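First comes the structure, then the notes that go with it.
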Amino acid sequence: MRFPALPDFPWDSLAGAAAVARGHPDGVVDLSVGTPVDPVPTAVGEALRAAWDSPGYPQTWGTPALREAAVEALGRRHGAGRSPAEGLDPDAVLPTVGSKELVAWLPTLLGLGGRDGNRDVVAFPELAYPTYEVGAQLAGAQPARVGDDEPLPAGTRLVWLNSPSNPTGRLLDAAALTARVAEARALGAVVAADECYLALPGPGVRTTSVLDPVVHDGSVEGLLAVHSLSKTSNLAGYRAGLVLGDPMLVAGLLQVRKHAGMIVPRPVQEAMTAALRDDTHVAETRARYDGRRRVLRPALEAAGLRVEHSEAGLYLWATADEPCRATVDRLAARGILVAPGEFYGPAGGSHVRVALTASDERIAAAARRLAE
Ligand SMILES: Cc1ncc(COP(=O)(O)O)c(C=O)c1O
């Protein structure tokens with residue numbers, strides 16, 4: 001048996017710091033993983049429960065109601081300029097078993113890999129969610145970290161964008177998205193925009209979808225937006241994601257995913273439909289994270305860390321201008337567990353990522369400990 005060679009799972013290396021942080025007399029404040037702690041919206045949970053009697057196979061494509069709800073939500077929630085739902089056919093929407101699954105398998109599903117000694121290039125941001133690299137490796141393609149201002153390498157067949165970014169909270173504005181789309185199209189590469197934090201901008205901040213017509217000027221050819229309900233609707237436990245955009249690409253993905261059994265359970269499809277029809281809980285979620293950002297950011301700064309970017313999404317990207325593991329250890333000694341920036345690429349070697357995904361009580365505890 002020859003399993004694909006993959007990196008060690010990064011969080012395993014945090015065991016030592018986690019043990020130290022757990023030893024704090026008032027308990028650990030774990031800000032190392034972006035896993036939601038707030039409740040599932042009641043109406044969403046009820047939709048799941050109401051669909052418990054689902055003996056038959058669900059549709060890989062998702063119910064028509066789910067696909068329509070996805071297009072409508074995109075228009076309502078992200079249509080600050082021209083609507084990204086403009087001209088988008090509900091047929092060009094596909095549910096995924098959370099978005100990590102799609103991120104890990106998209107290069108494979110697109111048929112990318114290596115032929116005759118040439119490997120297709122999968123490009124992704126210099127500081128990035130680790131699964132883009134894993135996806136390239138699973139497919140046998142060539143992973144390539146590309147800075148926002150660097151050109152795409154020759155041979156690029158897939159480009160991952162991620163705005164707002166994990167881990168930095170940095171945004172790509174419409175002009176930056178447009179430039180990358182044009183560059184990718186010139187190379188014949190697919191653009192996959194991982195937009196799982198799109199609905200969670202900080203106050204006064206505007207996020208832009210790659211499907212916004214200001215970005216692509218009327219044609220979604222070669223463009224995919226990858227969405228997740230994990231953070232926006234506290235549904236990480238349900239595994240609920242979506243991919244939408246170019247109808248030809250979505251049809252191709254559907255075809256492979258049908259054969260491969262990559263299907264979202266029917267009760268989860270119903271829960272997703274309910275979540276996508278309601279914006280109230282999304283506004284509440286945004287307000288919760290804004291409140292936590294307002295407490296934690298100044299507390300980190302007062303403790304001598306510099307917070308960079310972090311204008312949107314769920315993370316504070318901070319540095320004490322020292323190797324990231326030293327910062328991790330110093331914070332662990334105060335009972336606060338954060339992720340070392342090196343998890344996201346070599347450029348993160350002197351940063352830490354501090355997640356806002358803890359209860360208000362735990363965030364307040366972290367702020368108190370930072371002031372001690
Ligand atoms: C940038 C990014 N993409 C994708 C995911 C995967 O999310 P999920 O699989 O829960 O939809 C995450 C999770 O943290 C993420 O940060």
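The values are calculated or read from the model by the stated rules, or taken from the named source; none is laboratory data. These numbers were taken from a predicted model, which means no experiment stands behind them. Every residue, glycine among them, receives a Cβ derived from its backbone with ideal geometry; neighbour counts consider all protein chains shown. Note: areas computed on protein heavy atoms with side chains; ligands, DNA, RNA excluded. Shrake-Rupley method; radii C 1.70, N 1.55, O 1.52, S 1.80 Å.
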Pairs with Cβ under 8 Å, 6+ apart, first in region 123-141 and over 16 Å from Pro10 (Cβ atoms), second among the aliphatic types (A, V, I, L, M) and within 14 Å of the ligand (Cβ to nearest atom): Pro125/Leu161; Leu138/Ala104
Pairs with Cβ under 6 Å, 6+ apart, first in region 228-255 and within 16 Å of Arg266 (Cα to Cα), second open to solvent by 10 Å² or more (accessible area, probe 1.4 Å) and part of a strand (DSSP E or B): Gly241/Ser228; Leu242/His227
Pairs where the first residue, in region 154-171, is within 11 Å of the ligand (Cβ to nearest atom) and the second is at pLDDT below 95 and among the hydroxyl-bearing types (Ser, Thr, Tyr), C-beta under 8 Å, 6+ apart: Ser163/Thr207; Ser163/Thr208; Pro164/Thr207
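Could you grab me the full set of residues in region 254-275 that are part of a helix (DSSP H, G or I), within 16 Å of the ligand (Cβ to nearest atom) and under 12 Å from Trp61 (Cβ atoms)? If you could, list the steps in order and put the result at the bottom.
Keep residues of region 254-275 that are part of a helix (DSSP H, G or I), which gives 254-260, 266-275.
Retained after the next criterion (residues that are within 16 Å of the ligand (Cβ to nearest atom)): 257, 268-269, 271-272, 275.
Once the filter is applied, which keeps residues that are part of a helix (DSSP H, G or I), within 16 Å of the ligand (Cβ to nearest atom) and under 12 Å from Trp61 (Cβ atoms), region 254-275 yields Arg257, Gln269.
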Cβ pairs under 8 Å, 6+ apart, first in region 23-52 and modelled with pLDDT of 95 or more, second open to solvent by 70 Å² or more (accessible area, probe 1.4 Å): His24/Arg334; Val28/Arg22; Asp38/Arg288; Val40/Gly237; Ala51/Arg266
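Tell me, please, whether a residue that is closer than 18 Å to Ala193 by Cβ and under 20 Å from the mean Cα position of the chain (by Cα) can be found in region 254-273. Give the steps one after another, and end with the answer.
Kept after step one, since they are closer than 18 Å to Ala193 by Cβ, are these residues of region 254-273: none.
No, because not a single residue in region 254-273 is closer than 18 Å to Ala193 by Cβ and under 20 Å from the mean Cα position of the chain (by Cα).
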Residues that are open to solvent by 30 Å² or more (accessible area, probe 1.4 Å), outside any loop (DSSP other than H, G, I, E, B) and more than 19 Å from Lys231 (Cβ to Cβ), drawn from region 21-37: Arg22
Region 323-345 residues that are in contact (Cβ under 8 Å) with a residue 24 or more places away in the chain, paired with ones that are in a strand (DSSP E or B) and open to solvent by 10 Å² or more (accessible area, probe 1.4 Å) (beta carbon under 6 Å, 6 or more apart): Cys324/His351; Leu337/Asp30; Gly341/His351; Gly345/Arg145
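Going through region 255-268 one residue at a time, which ones are closer than 18 Å to Gly111 by Cβ and buried (at least 21 other Cβ atoms within 10 Å of the Cβ)? Break it down into steps so the answer makes sense when it comes.
Of the residues in region 255-268, the ones closer than 18 Å to Gly111 by Cβ are 255-260, 262.
Arg257, the sole residue that qualifies.
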Counted residues, region 317-361 - those being over 20 Å from the mean Cα position of the chain (by Cα) and either more than 15 Å from Arg294 (Cβ to Cβ) or not in a helix (DSSP H, G or I) (or both): 23
Hits in region 227-245 - residues which are within 14 Å of Ser209 (Cα to Cα) and either within 7 Å of the ligand (Cβ to nearest atom) or open to solvent by 10 Å² or more (accessible area, probe 1.4 Å) (or both): His227, Ser228
All helices (runs of 4 or more DSSP H) inside region 38-146 with 1 or more residues being open to solvent by 10 Å² or more (accessible area, probe 1.4 Å), in contact with a strand residue (DSSP E or B) (Cβ under 9 Å, 6 or more places away or on another chain) and β-branched (Val, Ile, Thr): 64-78, 131-139
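Of the residues Glu308, Glu301, only one is touching a residue at least 24 places away in the same chain (Cβ under 8 Å), surrounded by fewer than 17 Cβ atoms within 10 Å (Cβ to Cβ), in contact with a strand residue (DSSP E or B) (Cβ under 7 Å, 6 or more places away or on another chain) and within 30 Å of Val29 (Cα to Cα); which?
Exactly one residue qualifies, and that residue is Glu308.
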Number of the condition not met by Thr178 [criteria: (1) surrounded by 20 or more Cβ atoms within 10 Å (Cβ to Cβ); (2) farther than 20 Å from Gly313 by Cβ]: (1)
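The rows are residues; the columns are (1) over 25 Å from Ala179 (Cα atoms); (2) at pLDDT 95 or above; (3) away from the ligand (no atom under 15 Å from the Cβ).
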{"residue": "Glu101", "(1), (2), (3)": "yes, yes, no"}
{"residue": "Leu109", "(1), (2), (3)": "yes, yes, yes"}
{"residue": "Val122", "(1), (2), (3)": "no, yes, no"}
{"residue": "Glu126", "(1), (2), (3)": "no, yes, no"}
{"residue": "Val134", "(1), (2), (3)": "yes, yes, no"}
{"residue": "Ala141", "(1), (2), (3)": "no, yes, yes"}
{"residue": "Ala144", "(1), (2), (3)": "no, yes, yes"}
